[in-house]
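I have placed the structure first, in the form of C-alpha cells, so that the comments after it can refer back to it.
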Amino acid sequence: MTEVFDVVVVGAGIVGCAVARELSGLSHDGAPLRVALVESRGDVGDATSKANTAILHTGFDATPGSLEASLVRRGYELLSAYAVDAGIPVERVGAVLVAWTDEELAALPTLRDKARANGYEHGRIIDAAEVYRRLPHLGDGALGGLVVPDESIVCSWTSALAFATEAVHRGTDLRLRTTVTGVRVDGATTCVETDAGTLTTTWLVNAAGHGADVLDRALGHDRFTVVPRKGELIVFDKLARPLVDHIVLPVPSSRGKGVLVSPTIYGNVMLGPTSENIEDRTDTSTTEQGLAFLLDKGRALMPALLDEEVTTTYAGLRAATEH
C-alpha cells in the first residue's frame, strides 16, 4: 500500500514533533499540507528527548554569532512562551557557574562578556560569600561565581507530547512503531519504505536522531557520522530539594561543560551527566564506572547531597557528530 503526503518527518523526538506541529498548520495551493510523522518506537520523545538534563537554556555561553547562539536564544523565547499556553511545566530557578580555581575565576568576566555578545545582559559576577549565601550546602573551596538568573528547568516529556498532540489535532498522521527500511528518490518525489508500507512525499525531513546519518546516506550523501555520546545521571529523593535552589554549573573548559547539580521540575535533585562516546546506538545502560565518577564529583560539589536517598539512575544518548 502506497500513501501520498506533502511532507514526511522521520523521527518523533522533540525536533520531529515540533517540525510536524509547525508544518501541519500550513497550506499549499489552498489545501492543508499532508504531513506524516514516522517513529520506530512506541511513543513520541522516547529517546534523546526524554533522557537529558531538561534545562531550558538561555544560550549565554554559546559562541557569539554562531548558528547555535541564534537558535538557542530563539528557542528559549519560543518555548518559554509556548509552555504557558500548552501547560508545559517550567521553573525559572536560575544558574550559578561556580569557579573553583584561579583560572576559572579569571574566566568569569570573559563568560559574562560572551553572554552580553549573545544579547543576554543579566549575567552578574559574584564573590565567594554570595555564592555560599545562595548555595549554603556547596562544598568548600568556591572562589566566586557567575549568576545567570534566567536559566530554567523544564519537563522534557510534556514538551514533546504537547508538540505531537497539537500536530495530530492539526491533521498530522502519526505513525508509531513504524521503521523506515529504505528511501528512493524518483524525480520530484521521494519514496519512503517502511515496515508498514510505502509513503511517497515531496519533502522529507530528517529528524531521525541516532539514525540521521543512516537516512542521509540512503539519500546518497556522506556528510556526517553520528557518534552516540552517553550521559549518565543520578536522581536524588525529593527530600534533597532544599539543598539546591539553583542549577549549579561548572565553568566550561576545553573538555566540555562538565558535571552539574540541578533541581528537577518534579522536585528531585539531579547530578550529572558523564560524557562518553560509545559505539552502540541503543546502549542506555548505566555503568559502575560512570556512577562512581558522578558520586566522586558530587562529594566535592555538595557533600550533603550524598547523604540523601537515590531515587533512580539513568543514561541518555546524544547524537554527536564529528562536526
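The values are calculated or read from the model by the stated rules, or taken from the named source; none is laboratory data. Note that the coordinates shown come from a computational prediction; the quantities given were computed from them, not determined experimentally. Protein only, heavy atoms only, side chains kept; ligands, DNA and RNA dropped before computing areas. Shrake-Rupley method; radii C 1.70, N 1.55, O 1.52, S 1.80 Å.
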Long pairs among Lys230/Lys257; Lys114/Lys297; Lys50/Lys230, criterion Cα-Cα beyond 19 Å: Lys114/Lys297
Reciprocal mean inverse distance between Cα atoms of the stretch 237-302 - Kirkwood radius, Å: 13.2 Å
Residue-normalised accessible area of the stretch 173-323, given per residue in Å² at a 1.4 Å probe: 52 Å²
Inter-part distance where the stretch 79-93 and the stretch 5-26 are each reduced to a Cα centre, Å: 21 Å
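Summarise the accessible area of the chain (1.4 Å probe, protein heavy atoms) by the percent that is carbon and sulfur. Let's see the in-between values first.
Working: 8560 of 16090 Å².
C and S fraction of accessible area: 53 percent.
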Arg175 accessible area, assembled protein chains, probe 1.4 Å, Å²: 50 Å²
Heavy atoms of Asp237: accessible area, 1.4 Å probe, square angstrom to 10: 50 Å²
